[in-house]
Every structure is written in structure tokens, then in C-alpha cells.
Amino acid sequence: MDWRQFIRSYFDSVQKAWLDGEYQHLLPYYSDHGQGTKNEWERMRREHVQLVGRGGQTQSVQGRLVPLCWMETEQSMDILLSWSGKRHYGMGEHSLSEASRFVHRIRLQKEAASWRIDSHTEWDGDAKVPFDALQGEEEAEGATSMVEDAVSQPLLVVHGAGGYNPWNAVAYAERYWNSPNPAYPHFTDDCTNFISQCLYAGGIPMLFSKEKGRGWWIRTGKGGEWSYSWSVAHALYLMLKSGAAPMRAVTKSSPDQLEPGDIICYDFDGDGRFQHNTIVVAKDANNMPLVNAHTTDSSMRYWAYEDSTAYTPNMRYAFFHIRGV
């Protein structure tokens, strides 16, 4: 079987498994001695358990597969591909849709006259580089003071103040959830950049500074720059947690207290360093948030992220209602 036919057949079986939760459909595709497949199996199991636990039942599935690049040897294939999937599901009398775009890295091993999956991982998924790995522990700790500077330093300029309209933020999140806005730079780890754009589209004003560790801002164009709080998950978390300008966020104790336009921050490892952010775009039949996000591009995804490749049992969340200036 040609490797392209094998991959198409595998993802057809993935869609069948989404429908009935029977992931045994996928067993024939995996090598018995494959490495790195256990995490993918566990992620799919969590995804199914999460939906059933919410009282949901999958009604239909759509998918689109695009091979991006590949390298072939005599006995193996290394493939990078994009898979865009959409799941329609019911919760009681409610019908909902969830969409996502994953970039997969798959290694195939030749076995007899066919192929088997030797490893399967998500490429550039939800897991994020820690803040202190980007600019050093000293600057990461110092970033806490930026929220005070945003209020007290006269060098900061408020730009575009007009109150926060959460529905404008949601509309932006829906428009650009699976494609970058060409007016902004696009990063490999794009989750916080995307959330900052959503907040700005909702009317949160930029607070400009000459220093990246202060304020919340981006300067686009040639030689563009941006603050840590605009682009780094933990820095944005610190600003939200402070309750200071420009978001003036209010910490909530549970996800059901959030509304569309609010923000959820994720500490996947439970070590106090937040690595991911999402924006609430809707609520499900249980009054729980559905979110949009970048990096693993997601629309109307269930807030808990138990289906994420970055999930750990120690995962912690922070919930913020956005008041605006």
C-alpha cells in the first residue's frame, strides 16, 4: 500500500473512532514495538472520556488531511502533515461544533507489504516554552513589577481606550482562530499573541513603554517589537492576576463564572509557570466555557484541555473576567 493511502486510511479510522469511541479501530495501524504512541493513545482516551462526562455524544465528523513534507528511506517514512477536524456533537437538546487544526509528526515503518505507525506526536502543540527559558529567571521575576509600572510610570501612553466589548473580542477570535491576521507577526508559540490581539480587538488599550518588561503593547511593521506581556503566557498571566490596567481583570474561582470574552490561563505542569492562554467564546449546555486558541488552532474547544498533548495530572488553571479600563 502506498504511504499516502495508508495515512488517509488511518485518519478515516480516526474519524470513525471519534464517532463511536472505539479506538480499537486504530490498533492495526500501529507497530507493536512503536515508540511514542502511548501518549497519543492516552490523549484520545481522555478526549472521549471528557466528552462522555459532559453528557455529549458525537453526531458527525469532518476532516481534511494535507501532507506538508516527508522524507523517505528504504524502510521508513517521516511525515509532517496538517489535519483539520470538525466534530458536531449533541448535549441534550443542544447541538455544538468543535474544530481544531493539528500538525502531526508521524514516522512509518515498513512491515511486510504495508506500513505501520512507529511514532505519532503533535508538532508545535499546546506545550509552551517556560517564560524563564526565554529571557532568564531574573527578568521573569522582574516582570511582576510591570503591572505597577503600567499604572504609575508617565512614559506609558494609553492608546485606543474605549471600554471593553467582549463580543468584539469573540468575533475576532472566531475570525482568526485558524489563520493569522497579516497585520501582526505570527509566532511558533502563538497562543498569547493571539489572545492579546483578541483583547485589543475588544477595546483593551495598549500601554506603551520603551521597555519590553513594562506595559502591554506591540509595534508592528519593519523592526517591530512587543512587550513580554503581549507575547509570553506567564507575563500575561501576571498582568491579569494583578488586576491592574489595562485589563483590570477579576480572578474567578471556577470556570462556570466566566463569560464570553474572558480569559483562561494554563499551567500544564503545575509548577507555577503558566504556559498557555485561551479566550472564552461560548458556554455549553452545562454552563461551562468553550474556548478558542492558537498554536494548536482550536475553535469552541472544551476549556479543560484534558485532550491536549500537554496535559499532565498536575495541570492548574487561572480564570479571569475582563473588566477593561
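The values are calculated or read from the model by the stated rules, or taken from the named source; none is laboratory data. None of the values given here were measured: they were computed from a predicted structure. Virtual Cβ from ideal backbone geometry, glycine too; neighbours counted across all protein chains shown. SASA here: full protein model, heavy atoms, side chains in, ligands and nucleic acids out. Shrake-Rupley method; radii C 1.70, N 1.55, O 1.52, S 1.80 Å.
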Query raised in the report: In the range 197-217, which residues are in contact (Cβ under 8 Å) with a residue 60 or more places away in the chain and crowded, with 22+ Cβ neighbours inside 10 Å?
Result: 198, 199, 202, 204, 205, 214, 215, 216
Query raised in the report: Only one of these conditions is not met by residue 75: (1) open to solvent by 60 Å² or more (accessible area, probe 1.4 Å); (2) among the polar types (S, T, N, Q); (3) within 29 Å of residue 289 (Cα to Cα). Which number is it?
Result: (3)
Report task. Take residue 308 and decide whether it is open to solvent by less than 40 Å² (accessible area, probe 1.4 Å), hydroxyl-bearing (Ser, Thr, Tyr) and not in a loop (DSSP other than H, G, I, E, B). Result -> no
Query raised in the report: Just to be sure, is residue 220 open to solvent by less than 10 Å² (accessible area, probe 1.4 Å), hydroxyl-bearing (Ser, Thr, Tyr) and outside the structural domain of residue 99 (by the TED database)?
Result: no
Query - Count - residues of the range 73-129 that are closer than 20 Å to residue 14 by Cα, assigned to a loop (DSSP other than H, G, I, E, B) and of a type in the set (A, V, I, L, M, F, W, C) - result: 1
**Report entry** Leading residue by the ranking (least open to solvent (accessible area, probe 1.4 Å)) among those in the range 169-178 that are part of a loop (DSSP other than H, G, I, E, B) and in contact (Cβ under 8 Å) with a residue 40 or more places away in the chain
**Finding:** 177
